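Below is one structure, written out as C-alpha cells, with a few remarks after it.
The values are calculated or read from the model by the stated rules, or taken from the named source; none is laboratory data. The structure presented is a predicted model; accordingly, all values stated were derived computationally and were not measured. We place every Cβ from the backbone using ideal geometry, glycine too, and count neighbours over all the protein chains shown. Note: accessible area is taken over every heavy atom of the protein model, side chains too, but ligands, DNA and RNA are not part of it. Shrake-Rupley method; radii C 1.70, N 1.55, O 1.52, S 1.80 Å.
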Amino acid sequence: MPKKILKGKVISDKNKKTIIVLIERKYQHPFLKKIVKSKKKYHVHDEKNKFKIGDTVQIEESKAYSKYKKFKVLEEIR
C-alpha cells in the first residue's frame, strides 16, 4: 500500500522535533453536490527543527514516532 503524501502549512513549531501542519482540502459533497472545505492538523516529525511557522511543506506517512506523530517531513515547497 503506498504511503500518503500531503502538502500543508506549518502552524506551530513550539515542541522539540515536532511541527504541526494544517492540511486543507476541497471535495464535492456526495449528496448535496456542493464544494466543501475541510481542514485537519497533523503532528509531524522534524528531526533537525528546521521548519518554522508559515513554511509550506510536503509530509509523508511513516512509522509511529509517538502517540500522535505518524508523519515525517519530506521537503519544503517554495
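Do any of 34/72; 14/52; 3/37; 4/69 go past 21 Å between their Cα atoms, and which?
Values: 34/72 33 Å; 14/52 9 Å; 3/37 23 Å; 4/69 14 Å.
Cα-Cα > 21 Å for 34/72; 3/37; rest within.
To the nearest 10 square angstrom, what accessible area does residue 46 show with a 1.4 Å probe?
Number for this one is 10 Å².
How big is the charge dipole of the chain about its Cα centre, in debye rounded to the nearest 20, if each Lys and Arg gets +1 on its Cβ and each Asp and Glu gets -1 on its Cβ?
Details: 24 positive and 9 negative charges, 67 e Å.
With only Lys, Arg, Asp and Glu charged at Cβ, the dipole is about 320 debye.
Which Cα, out of 35, 1, 74, lies furthest along the positive dipole direction of the chain (beta carbon charges, K/R +1, D/E -1)?
Checking the options against the dipole of the chain, the answer is 35.
Evaluate the distance, in nm, between pseudo-label points positioned 7 Å from the Cα of residue 61 and of residue 48 along their respective Cα→Cβ axes.
It is 2.7 nm.
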